[in-house]
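All remarks here apply to the structure that follows.
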């Protein structure tokens, strides 16, 4: 395993701070050597926070970070073995932390949201209106390279597109990871407890956890299905991720899936806090579980963000639903668009009036 302090810092800032705050607890190891806090997995200069200010020896790294903050979590598909594979943003979650750094809002944008993407010379992309999920793939292309892709470039085009759409001028940091890493993380935590809010059939897994085979000729899967019944459930890694992946057969499709993913993140944070992950001796398995499934992008180190968010607890994070609907043209599906309540929340967020907006639109708050 690589230098434990480096990897530990990546976990603290990228997963936990960006997933919404577990890194806060991890960051409480006061004996950390700050020179080891620079992540080595990956870093993109774009969309970084403002100039890094070197604190005095008596000041904890990150103590100078002030809110509000806007952070990004991107879940990508994992088909890296496919020739010509390009990363797609299957999940886009955003965390807005209020000025006091003690409360936050976690919300999602539909993967098929139609957005205007700016021209991006690094990838030879001229811009246009596409689904949000495509920003990662279009931005990842390297002119003259047939197989090599740049995840960092994909992140840069995605966050530029997000800025144009939401009005958020800067995202201070981001994390890019796949569900395989999250599955291992859940198992290292001993599973998580979730409230299953609607009966959900798995398209991908059988009751024993094995994959459902594709039907002859391709298309849909076949065989017995894992079924997630409503109520309080304890889920192991594969169950938590499988449940959070499902959208087919649900009344609101991808919007229900987005809600389940936010609930899963909240459950992970709650479990991590309950296990006292401020003790470095307990972090080894959690760190190893994430491995190379995580890429951190930011101008300040993950450790600094983790320390800055040390007072942000799971109970201080509001999960927000942004309702939307499909966009059709001539009977053809083009993607998704947010309804007025959803776009109204984004406008309020930019003006630092999210709390007042949600008080007037309480149905947007996911209370589970």
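Only the coordinates and a few stated rules stand behind these numbers; no lab work does. Note that this is a predicted model, so its numbers are computed, not measured. In this analysis, Cβ positions are derived from the backbone assuming ideal geometry, glycine residues included, and neighbour counts consider all displayed protein chains.
The stretch between residue 325 and residue 142, if pulled fully straight at 0.36 nm per residue, gains 62.5 nm over its current Cα-Cα span.
How high is the relative contact order of segment 297-367, in percent, counting Cα pairs under 8 Å that sit 6 or more residues apart? Don't jump to the answer; show the numbers that get you there.
On the way: 53 pairs, mean separation 20.6, N = 71.
Normalised by residue count, the contact order of segment 297-367 is 29 percent.
Modelled label positions at residue 163 and residue 360, each set 7 Å beyond Cα in the direction of Cβ, lie 2.9 nm from each other. The alpha carbons of segment 304-368 occupy a box of 51, 29, 26 Å along the principal axes, longest dimension given first.
What the Kirkwood sum gives for segment 146-242 is a hydrodynamic radius of 16.7 Å, with every pair of different alpha carbons counted. Spin-label model, residue 333/residue 129: points 7 Å from Cα along the beta carbon direction are separated by 1.9 nm.
Using the empirical formula 2.2 N^0.38 Å as the baseline, the Cα radius of gyration of segment 81-240 reaches a ratio of 1.25.
Can you compute the FRET efficiency between residue 197 and residue 170 using 1/(1 + (r/R0)^6), with r the Cβ-Cβ distance and R0 = 30 Å? Round to the nearest 0.05. All intermediate terms of the calculation are to be shown ahead of the outcome.
Details: r = 34 Å, r/R0 = 1.14.
Calculated transfer efficiency: 0.30.
Annotation for residue 233 and residue 347: the two label points, set 7 Å from Cα along the Cα-Cβ direction, are 3.9 nm apart.
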